[in-house]
1. At q = 0.14, 0.21 Å⁻¹, what log₁₀ I(q)/I(0) does the stretch 104-188 have when each alpha carbon counts as one equal point scatterer in the Debye sum?
2. How about the stretch 57-142: which chymotrypsin sites (Phe, Trp or Tyr not before Pro) there lie in a loop by DSSP and see at most 15 other Cβ atoms within 10 Å?
3. Among 73, 48, rank each residue by its count of other Cβ atoms within 10 Å, from fewest to most, as a rough exposure measure.
4. Straight-line reach from residue 135: which lysines have Cα under 28 Å away, leaving out those fewer than 8 places along the same chain?
5. What's the ranking of 162-169, 92-99 by average number of surrounding C-beta atoms within 10 Å, highest first?
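All of the numbers you see were taken from the coordinates with simple rules; none came from a lab. Everything quoted here is computed from the prediction, not taken from an experiment. Positions of Cβ are backbone-derived with ideal geometry, glycine not excepted, and every protein chain shown enters the neighbour counts.
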Amino acid sequence: MSVLNTPFANGAVTSADSVWYAVHTRHQHEKLVARTLANKGFEIFLPLYTEVRQWRDRVKKVEVPLFTCYVFLRGDLDRRLPILTTPGVHGLVGSAGKLAGIPEEEIKAVRRVVENQINVEPHPFLKCGDIVRVKSGALRGVEGFLVRKKGQTRLILSVTLLERSVAAEVDAGIVERITPQVRANALSASTPMARGWRLGNELLSPVRMGA
């Protein structure tokens with residue numbers, strides 16, 4: 001993984017309006033970057049989760065990014081300069097020195113979790129193991145790795161480009177193991193995800209430049 005911070009970095013951009021990219025941000029600048037880029041007309045996704053923090057005199061629940069220091073973006077990357085000049089942005093994430101997109105299915109799975117308010121938290125990156133698919137409920141059709149933690153069953157979802165994973169609570173009785181061939185057939189028949197402008201679970205209204 002690499003971070004590209006020049007407006008003319010190597011690597012062709014394909015189908016600008018349909019590919020998701022990762023924007024690398026300064027620590028604790030994710031929400032500011034997300035709102036600023038949305039106001040510049042880009043489609044933004046910043047998944048959040050609730051974390052309980054203990055202070056000396058109180059306990060407080062706060063919403064923090066699932067993927068620390070990253071914001072997901074989709075839009076016209078011919079306008080890369082407005083992204084790179086946004087306060088708090090380090091650059092766009094690439095691979096081998098070239099701009100790299102994120103598979104639609106990876107973003108779609110994370111969105112399903114946060115939009116359905118499933119208990120979720122960051123998890124060490126996991127890229128091997130038995131793949132399962134949720135058979136019913138709010139996450140029906142979502143795929144990932146299955147692990148157990150503190151007596152609970154967790155579905156592990158990953159964004160491979162970032163080498164980051166998240167763990168969502170699921171009932172072990174509603175998942176089924178799938179073979180690579182079954183998974184490939186399902187992916188080829190999948191339909192595009194509905195478009196939206198989102199910061200976490202909240203809808204953001206885009207502001208078009210020059211409107």
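1. -0.42, -1.01
2. 125
3. The fewest-first ordering by Cβ neighbours comes to 48, 73.
4. Candidates past the 8-residue exclusion: 108, 127, 149, 150.
5. 162-169, 92-99
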